[in-house]
Structures are given as structure tokens and as C-alpha cells.
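Working notes, structure below.
The values are calculated or read from the model by the stated rules, or taken from the named source; none is laboratory data. Note that the structure is a prediction, hence the values are computed from the model and not measured. Here Cβ is always computed from backbone atoms with ideal geometry, including for glycine, and neighbour counts include all displayed protein chains. Only protein heavy atoms, including side chains, enter the accessible area calculation; ligands, DNA and RNA are left aside. Shrake-Rupley method; radii C 1.70, N 1.55, O 1.52, S 1.80 Å.
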Amino acid sequence: MEQEKNVVQLLKSTPSTVAVSVNGWVRSFRSNRFIALNDGSTIKNIQCVVDFENFKETLLKKITVGAAIKVTGLLVESQGSGQQVEIQVSKIEILGEANPEEVKLTILQPKRHTLEKLREQAHLRIRTNTMSAVMRTRSKLAFAVHQYFQENGFYYMNTPIITGSDAEGAGEMFHVTSLDLKNPPLDENGEIDYKQDFFGKETNLTVSGQLEGETYAMGLGKIYTFGPTFRAENSNTSRHLAEFWMIEPEMAFYNLAQNMDLAEDFIKYVVNYALENCEDDLEFLENRLLQEEKAKPQNERSEMSLREKLSFITENNFKRVSYTEAIEILKNSKPNKKKKFKYLIEDWGADLQSEHERFLVEKHFKCPVILFDYPASIKAFYMRLNDDGKTVRAMDVLFPGIGEIVGGSQREERYDVLKEKIAAMGIDEKELWWYLDLRKFGTCVHSGFGLGFERLVQFVTGMTNIRDVIPYPRFPGHAEF
Ligand code: ATP
Ligand code: MN
């Protein structure tokens, strides 16, 4: 009996007298002789050499781009350049045909397709080199996320996806209801009566698991979440999705400085993991990026290759800068003075836009930056108020090309202060009774942050658009598949 193997195993094997078999999809079939077969286990194909004289014409005709086949034969040293080993084919089984006329109309057709085109056929795009490299890397990164936290004493916690609290304020929410929207029950004021809805109240899809995460950190010590998050934000940007995966660690007894240390250490770990475990895919993505950048004017091209950028992150300290310092730098910056920013920085208190964040990271400091101590007025109610009474212990990690990759803070642990802040922001305290309870029973200094997983995948793979790093992107007007 032959040994069944996948392509990545075969490419690491040495020639042997034992027959092997492999299943995969045909990427190309040249000269009626050379099949390039890919099974998704690696970016590389295995070359399968067919002596066409020994096979029926009807069978050979079915070896077409996109078809699923099983190949059996001996693994031998390759005669050609480009690969160490190849399969000398003794048997071919057609598992699933692919009609060439129809393949021509799809992105399976081997030629350069735009990323926009691939998105339109998102069910097939995983068969392309670019998408498979991105998705293998995404999978490895997800594993690294769990590995990092599990090795560092964190517990994995699953926060609810349907939430009854609408006070998180992180973004616009999607409503969840089982009411008949064509004929909803109304209350005495003529408004929709959510008391008759499935949960007896209004519910939404979560925008963040943080508040619930805090409750578990107050018992387990250190937790992390890694799950889907939903924001009905109408932002058609290359960094926003309506459905994305967020990683949210929350730690009891951590202050803001420890929170920043953790964020930096964590990011370095997962980026390094990708460098060590996704070599072939990163090499491919690096070349892809190089090609993409050739279309840009010289001054917009990156000085570093993809892997150089990743190593730069793992080898250098993130620059920690207070909001107040950042505003001074921005106020006196060239683009501000020459009115090149869309939003000019005039006074302390201004919210930073992506153009400002990118200026700090890409032009001024030329390294990742952690901004901290933001004005209370532009940040959420739960952030720890500083003694100056006007700034909060917030931190954002800013990355080149991406902008904000992490947003976090030390949480307000003082009952009275939190109550006041909730009132000041016009939030109904009753909504947050359980959250306030945490400050009554053994409250303590604690901190956490949220990292958008897709932004991390974007950074590591060098993909420009966030829609190309998640299998089925959800964004305004798009919920196909
Ligand atoms: P931004 O200013 O970029 O919209 P935010 O301030 O709304 O981000 P947070 O609420 O702090 O972000 O969320 C934590 C992290 O989640 C962000 O740092 C980012 O990495 C990620 N994130 C936020 N919104 C989105 C989105 N719509 N799509 C993908 N990732 C997101
Ligand atoms: Mn946002």
C-alpha cells in the first residue's frame, strides 16, 4: 500500500522506493506532462510528472486547472530546477472535474486578478496563492495568541455575543430581535414594545466583551477573550469591518504601565511567532507587496521589506508618549503649519485622527508608539481618572501603515468616581448595576486592552485592505456568502 501524504510532508521527504499518494487541486498542467498540484498545506506545489504515453487520452483531458485529483507514484529526485523532489506518477484518479470553459470565467483561471475581483468570488479565492498565504498565517497567529496567554497564566473566557447592555459605547450596535419587523407589538406610547421581544428587553450584538471580561478578571485574576465583535459603523475604510475578531485581555492588579508592558510583549511574541512559523508564506507575501508597491511613486514605497518591518517590531522598543506631548509635536509639525492635515491640531483636547496617528508613527518617531493619558472628554466612561482631573489612564498602540492596533486603559476602580462619570456621560446607572457592584465588593486596580485581530493579520501579512484578511468580510452593503 502506498503512503498518503500532504504536499508539505512530501516536499520535506527524501526519495524512497515506497509509493506515495497525494490529493489536491490542479494549479497547472504543462505539456501534457507536468502537473503542479496544491493541497493548501503549503504555498508550494508538488510537481507530478506524467508519462502521457501510459495514460488514456480521456483521463488526461480531465486534468485541468481547478480539478481535484489523487496522484499516486514514487517520490523521486527532481530532474528540473525549482524543486528537490517530484512524483513520478503511476496512477491518477479524477476526484472532481472542473470544466475549463467555466473555469475561465472565475478567478481560478491562472492569471493576475485584482484583490477586488477575488473578493467577488470569496468562495474560490482561498485557492489563490495570496489568500491561502494570508489565511494560513491568520491561523498560525490565532494559535500564537492562545499560546501566549495560556503560557502566561491567563484564562480564556467567552463573553456573550448577544448583549443586554448598550452602555459600552464603543460603536454603533446591531439590534438582535425575534419580533416581526413588519408588524411589531407596540406599547401605550406607540413605540416598539421590547418587553414582548425574545429576551424581554432590547438586545444587541456585542461591540466589546470588556465589561463582562472585567467581571471575570475580578475572580480569575487574568483572562482574555478572543471572539467576534460587531460594529454597525458606516466607515468604508481599509481598517474597519462590521464583524471582526477582537482579543481582549483583562488583568486584576495591573496598572497602566503594566498594561502597556503586556501589550508590547504580547504583540512582539505573536509577530515573532509568525516570523518563525510562516516563513514560506511571508516570503511569498513579501514579494507580493514588493510588486504592489512598484505601482506607487518612489516616495510612497516602503524602505523596508515585509519581514524587515516585522523584525523591526520585535527588536525595538515601542515609544511611549503622553497625549500632551503628542499634541505639542503635532501642533508644531510641518503638515499642521502648512495646513496639510485635513483636521488641523489647534488646542489640547482635540481627538486624534488617523492622519495624526500615522504622522507620529511613520514620520516623527518612525517606530510603534504607545500614546497614553488622553483627555477624559474624548475617552470612555470606565477609564481611570488621573489626579489632574482632566486626563484618563488610556493607552493606544499605534502601528505604521495601520494606525491604531490596540486600545486600552486602566479601569476606574473607585465606586464614587465611576458613578459620577456614568452620570456625567448621560448613561443610565441602572443599566450598569452589575458593573458598579464590582467596585463595591473587593475592588482593585485593574487594566486591559482590545486588539483587533484583523489589524494584526493585516500588519503581519502586509495586506492593504482589511477585507482581504478575513474569509468573508462584512462591511456596509456587503453580506454576500
Ligand atoms: P478606530 O479609532 O480605529 O475606529 P476604536 O477606537 O473604535 O478604533 P476600540 O474601540 O478601542 O477601537 O477597539 C479596540 C481595537 O479593535 C482597535 O484598536 C482596533 O484594533 C480594533 N477595531 C476597532 N474597530 C474595528 C473595526 N470596525 N474593524 C476591525 N477592527 C476594529
Ligand atoms: Mn472606531
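Net charge near ILE92: determine it from the other residues with C-beta under 12 Å of the C-beta of ILE92, scoring Lys and Arg +1 and Asp and Glu -1.
Net charge in that neighbourhood comes out at +3.
What number, rounded to the nearest 500 deg cm²/dmol, is the helix-based mean residue ellipticity at 222 nm of the chain, given -39500 (n - 2.57) per DSSP H run of at least four residues and division by all its residues?
Values: 15 runs with 144 residues, N = 481.
Only helices count here, giving -8500 deg cm²/dmol.
If the only charges are +1 at each Lys and Arg Cβ and -1 at each Asp and Glu Cβ, what is the size of the charge dipole of the chain around the Cα centre, to the nearest 20 debye?
Once rounded to the nearest 20, the dipole reads 1760 debye.
Out of MET251, THR14, LEU262, whose Cα points farthest toward the positive end of the dipole of the chain (charges: +1 Lys, Arg; -1 Asp, Glu; placed on Cβ)?
Farthest towards the positive end: THR14.
Could you tally the net charge around VAL270, taking each other residue with its Cβ under 14 Å from the Cβ of VAL270, Lys/Arg +1 and Asp/Glu -1?
My count for the surroundings of VAL270 gives -1.
Give the residue list of GluC sites (Glu not before Pro) in the range 37-88 that are DSSP loop and have at most 13 other beta-carbon atoms within 10 angstrom.
In loop regions of the range 37-88 (DSSP not H, G, I, E or B), there are no sparsely surrounded GluC sites (Glu not before Pro).
Between SER13 and PHE481, what length in nm is gained on full extension when 0.36 nm per residue of separation is reduced by their alpha carbon distance?
164.6 nm
How big is the dipole moment of the range 54-132 about its Cα centre under a simple scheme where the beta carbon of each Lys and Arg is +1, that of each Asp and Glu is -1, and everything else is neutral? Debye, nearest 20, please.
About 180 debye.
Using only Cα atoms, locate the centre of the range 304-355 and the centre of the range 22-69, then give the distance between them in Å, rounded to an integer.
What the calculation gives is 51 Å, centre to centre.
Which links in LYS201/LYS379; LYS222/LYS268; LYS268/LYS379; LYS44/LYS268; LYS12/LYS319 stretch past 30 Å when you go from one Cα to the other? Can you show the working numbers first?
Working: LYS201/LYS379 28 Å; LYS222/LYS268 19 Å; LYS268/LYS379 26 Å; LYS44/LYS268 28 Å; LYS12/LYS319 42 Å.
In this structure, LYS12/LYS319 lie more than 30 Å apart at Cα.
I'd like to verify something in the chain: which complete DSSP H helices, judged by Cα projection on the helix axis, reach 20 Å or more and average at least -0.5 on the Kyte-Doolittle scale?
Helices passing the filter in the chain: 129-151, 256-277.
Report relative contact order for the range 196-268 in percent, whole number only (criteria: Cα-Cα under 8 Å, sequence separation at least 6).
Taking the mean separation of contacting Cα pairs over the length of the range 196-268, I get 31 percent.
Read phi for every residue in the range 81-91 and hand back ³J(HN,Hα) as whole Hz from Karplus 6.51 cos²θ - 1.76 cosθ + 1.60, θ = phi - 60°, with x for Gly and Pro.
8, x, 8, 7, 10, 8, 9, 8, 6, 10, 8
Using alpha carbons only, how many angstrom separate the centre of the range 412-435 from the centre of the range 75-99?
So the separation of the two Cα centres works out to 66 Å.
Over the range 376-481, what is the relative contact order in whole percent, taking alpha-carbon pairs under 8 Å and six or more residues apart? Intermediate results must be reported in sequence, preceding the final value.
Working: 123 pairs, mean separation 23.0, N = 106.
Relative CO of the range 376-481 lands at 22 percent.
What are the residues whose amide H is under 5 Å from the amide H of SER90, where those residues sit 5 or more places off or on another chain and H is modelled from the backbone?
Placed amide hydrogens put THR72, GLY73, LEU74 under 5 Å from SER90.
At a 1.4 Å probe, what is the % contribution of carbon and sulfur to the accessible area of the range 194-308? If you can, show how the numbers build up before the last one.
Working: 2600 of 5440 Å².
Looking at the range 194-308 in its full context, I get 48 percent from C and S.
Any idea of the accessible area per residue across the range 66-130, 1.4 Å probe, to the nearest Å²?
Heavy-atom SASA per residue in the range 66-130 reads 58 Å².
Expressed as a rounded percentage, what relative contact order does the chain have, with Cα pairs under 8 Å and six or more residues apart?
Once divided by the residue count of the chain, the mean separation gives 13 percent.
Kindly list the residues of the range 288-327 that lie in the label zone of ASN272, defined by a backbone N under 13 Å from the point 7 Å along the Cα-to-C-beta vector.
Once the point is set 7 Å along Cα→Cβ of ASN272, 311-317 turn out to lie under 13 Å by backbone N, inside the range 288-327.
Given 0.36 nm per residue, what is the gain on full extension from SER31 to ALA424 after removing their alpha carbon distance, in nm?
So the extension gain works out to 134.0 nm.
Taking the alpha-carbon distance from LYS331 and a cut-off under 18 Å, which aspartates and glutamates remain once sequence neighbours fewer than 8 residues away in the same chain are dropped?
GLU346, ASP347, ASP351, GLU355, GLU357, GLU362, ASP373
Once you list every other residue whose beta carbon is under 13 Å from the beta carbon of ILE223, what net charge do they have if Lys and Arg are +1 and Asp and Glu are -1?
-3
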